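Participant: Shown below is the structure under consideration.
The values are calculated or read from the model by the stated rules, or taken from the named source; none is laboratory data. It should be emphasised that the depicted structure is a prediction, and the values quoted were computed from it without experimental measurement. Don't worry about glycine lacking a Cβ; one is built from the backbone with ideal geometry, like all the others, and counts go over all protein chains shown. Surface areas here come from the heavy atoms of the whole protein model, side chains and all, with no ligands, DNA or RNA. Shrake-Rupley method; radii C 1.70, N 1.55, O 1.52, S 1.80 Å.
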Amino acid sequence: MSHTAELIAVGTELLLGNIANTNAQTLSQSLSALGINVFWHTVVGDNPGRLKEALDIARRRADILITTGGLGPTYDDLTKQTICEAFGKPLILHPGILEDIRAFYESALHVPMPENNAQQAELPEGCVIFDNPVGTAPGCAFECDGVHVLMLPGPPHEMETMLRRHVEPYLRKLSREVIVSHDIMTFGMGESSVDELLHEKMAHMTNPTLATYAKPCEVRLRATAKAPTEERAQAMLAPVLAEVQAVLGDVIYGVDISGLAECCREGLLRRNMTLATAESCTGGLVAERLTAIPGASVVYRGGVVSYWTSVKGDVLHVPQDILEAHGPVSEQCARAMAEGARSITGADLGVSVTGAAGPDPDERGVPVGVVYIGLAAPEGTFCRALDLGRRRRDRIQGLAANHAFDVVRRYLQGLPVERM
């Protein structure tokens with residue numbers, strides 16, 4: 001039997017935008033892996049009437065309802081009470097849970113338990129109880145008229161702990177199918193171009209499916225299959241991945257990888273090489289993305305953010321005649337910056353970025369969107385010249401950083417560097 005779930009996040013702070021609903025993403029990923037369809041995300045404030053309306057709608061269209069939030073001890077934590085009223089379930093005080101909450105306060109927080117926390121020990125009659133080892137609010141699940149209702153705490157670390165310990169085993173017993181997805185990561189081709197090449201195939205697919213998603217400055221394709229077992233789903237996906245690879249070729253930089261920075265880190269590790277950076281218009285964005293990856297220190301030696309022309313000359317040793325004759329936004333300067341980064345750090349590769357990110361042309365009148373990516377390697381120095389157009393400043397910087405990583409990954413994979 002195929003199950004359909006609706007996620008209901010409870011909390012006025014979510015509606016106000018004070019916090020992001022990260023629980024929905026975590027739960028959707030988990031349920032997808034369990035073969036449970038998630039068709040709706042609902043967010044409702046701390047209001048019993050509106051929560052009741054949301055529950056009435058959800059129970060008519062889904063057979064698994066999962067709520068997050070509203071299980072605390074304060075006056076506005078009314079999720080349990082509202083759900084029990086909606087499903088005709090009385091709340092029962094559990095003395096053992098009350099003692100656990102009291103002990104949590106005394107042993108972990110070293111303070112007496114506030115009396116209003118006692119309501120957290122009240123749970124629906126006949127429910128399955130989910131203990132909370134990292135907080136005070138237990139979760140629970142019950143089934144009523146063919147609908148499974150699961151209540152989880154709102155704090156993400158509490159919710160995820162409960163999800164792994166209790167919710168996934170509970171739901172695994174309900175589902176007889178698994179959903180497997182693979183993310184095919186591409187750079188160098190827009191979403192519309194990718195869609196045009198694969199539209200006919202995607203339009204006629206039902207299981208597996210293939211869909212495009214535009215990420216900032218790149219495109220991801222997600223191939224998904226549903227089957228009784230993971231092995232069967234993987235077998236269904238294999239020809240899809242092969243066909244997409246045949247159509248898109250080296251525009252694909254990886255499968256199930258977080259981004260171009262990780263692709264470069266893995267490529268540098270495989271080749272036992274190190275990298276250094278010299279950045280101007282990106283202001284250290286290339287270095288930031290690379291060093292955000294654990295273990296980057298093995299492959300990344302360091303970098304220079306050379307915003308001023310004098311820093312390009314004094315630190316990166318860009319020759320003065322290049323700066324005077326061609327300017328800081330030029331192919332010649334990009335090449336020299338990459339060579340300087342490689343030389344002063346002793347890295348195997350040096351990559352550079354220089355350009356006009358806007359909102360105005362540079363002092364020499366170089367138009368916004370003109371960017372040069374340099375790569376200094378043992379075999380020589382290369383440069384990719386780009387015209388990214390009049391985009392937002394942050395978009396030009398993001399694209400330029402991605403091009404820098406793309407130049408490095410293409411070199412490491414033995415592909416043409418100066419063109420895509």
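Participant: Quick check on V147: is it more than 23 Å from the chain's Cα centre (by Cα), within 30 Å of T79 (Cα to Cα), modelled with pLDDT of 95 or more and not acidic (D, E)?
Facilitator: yes
Every residue, every condition in (1) in a strand (DSSP E or B); (2) touching a residue at least 24 places away in the same chain (Cβ under 8 Å); (3) of a type outside the set (V, I, T); (4) surrounded by 13 or more Cβ atoms within 10 Å (Cβ to Cβ), yes or no:
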{"residue": "F39", "(1), (2), (3), (4)": "yes, yes, yes, no"}
{"residue": "D56", "(1), (2), (3), (4)": "no, yes, yes, no"}
{"residue": "L71", "(1), (2), (3), (4)": "no, yes, yes, yes"}
{"residue": "D76", "(1), (2), (3), (4)": "no, yes, yes, yes"}
{"residue": "A103", "(1), (2), (3), (4)": "no, no, yes, no"}
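Participant: Report, ordered by the first and then the second residue, all pairs with beta carbons closer than 8 Å, sequence separation of six or more or different chains, a first member in the range 149-160 that is crowded, with 24+ Cβ neighbours inside 10 Å and of a type in the set (G, A, S), and a second member that is part of a strand (DSSP E or B) and modelled with pLDDT of 95 or more.
Facilitator: If the second residue must be part of a strand (DSSP E or B) and modelled with pLDDT of 95 or more, the pairs left are G154/A9; G154/V10; G154/T68.
Participant: L197: touching a strand residue (DSSP E or B) at 6+ places or on another chain (Cβ under 7 Å) and closer than 29 Å to L388 by Cβ, yes or no?
Facilitator: Answer is no for this residue.
Participant: Only one residue in T212, T206 is under 27 Å from V407 (Cα atoms) and either open to solvent by 40 Å² or more (accessible area, probe 1.4 Å) or under 23 Å from the mean Cα position of the chain (by Cα) (or both), so which one is that?
Facilitator: T212
Participant: Still on this structure, please answer the following. Determine whether the range 165-178 contains at least one residue that is open to solvent by 10 Å² or more (accessible area, probe 1.4 Å), closer than 22 Å to D256 by Cβ and at pLDDT 90 or above.
Facilitator: So far as the range 165-178 goes, yes, one or more of its residues are open to solvent by 10 Å² or more (accessible area, probe 1.4 Å), closer than 22 Å to D256 by Cβ and at pLDDT 90 or above.
Participant: Just need a number here: residues in the range 226-246 that are small (G, A, S), assigned to a helix (DSSP H, G or I) and out of contact with any strand residue (DSSP E or B) (no Cβ under 6 Å at 6 or more places or on another chain).
Facilitator: 4
Participant: Kindly indicate whether any position in the range 108-115 is surrounded by 14 or more Cβ atoms within 10 Å (Cβ to Cβ), of a type in the set (A, V, I, L, M), closer than 19 Å to I129 by Cβ and without any contact (Cβ under 8 Å) to a residue 40 or more places away in the chain.
Facilitator: Yes, that holds for at least one residue.
Participant: Within the group G135, G88, G49, G45, which residue is more than 21 Å from L171 (Cα to Cα) and at pLDDT below 90?
Facilitator: From the options G135, G88, G49, G45, the qualifying one is G135.
Participant: Within the range 116-130, which residues are more than 23 Å from N37 (Cβ to Cβ) and open to solvent by 60 Å² or more (accessible area, probe 1.4 Å)?
Facilitator: Selection gives N116, E122, E125, G126, I129.
Participant: Moving to a separate point now. Give the range 371-420 a look and list any residue that's within 29 Å of the chain's Cα centre (by Cα), of a type in the set (V, I, T) and within 23 Å of T309 (Cα to Cα), or say none.
Facilitator: V371, I373, I396
Participant: Looking only at the range 332-350, which residues are outside any helix (DSSP H, G or I) and either open to solvent by less than 10 Å² (accessible area, probe 1.4 Å) or of a type outside the set (G, A, S) (or both)?
Facilitator: Of everything in the range 332-350, those that are outside any helix (DSSP H, G or I) and either open to solvent by less than 10 Å² (accessible area, probe 1.4 Å) or of a type outside the set (G, A, S) (or both) turn out to be A347, D348, L349, G350.
Participant: Which residues, taken from the range 181-225, are part of a strand (DSSP E or B), touching a Ser or Thr at 6+ places or on another chain (Cβ under 6 Å) and not hydroxyl-bearing (S, T, Y)?
Facilitator: V219, L221, R222 - these are the residues of the range 181-225 that are part of a strand (DSSP E or B), touching a Ser or Thr at 6+ places or on another chain (Cβ under 6 Å) and not hydroxyl-bearing (S, T, Y).
Participant: What residue, among those in the range 351-397 that are closer than 17 Å to R409 by Cα and in a loop (DSSP other than H, G, I, E, B), is least open to solvent (accessible area, probe 1.4 Å)?
Facilitator: If we take residues in the range 351-397 being closer than 17 Å to R409 by Cα and in a loop (DSSP other than H, G, I, E, B), then P378 is least open to solvent (accessible area, probe 1.4 Å).
Participant: Tell me, please, whether a residue that is touching a strand residue (DSSP E or B) at 6+ places or on another chain (Cβ under 9 Å), open to solvent by less than 30 Å² (accessible area, probe 1.4 Å) and hydroxyl-bearing (S, T, Y) can be found in the range 4-16.
Facilitator: Yes, some residue in the range 4-16 is touching a strand residue (DSSP E or B) at 6+ places or on another chain (Cβ under 9 Å), open to solvent by less than 30 Å² (accessible area, probe 1.4 Å) and hydroxyl-bearing (S, T, Y).
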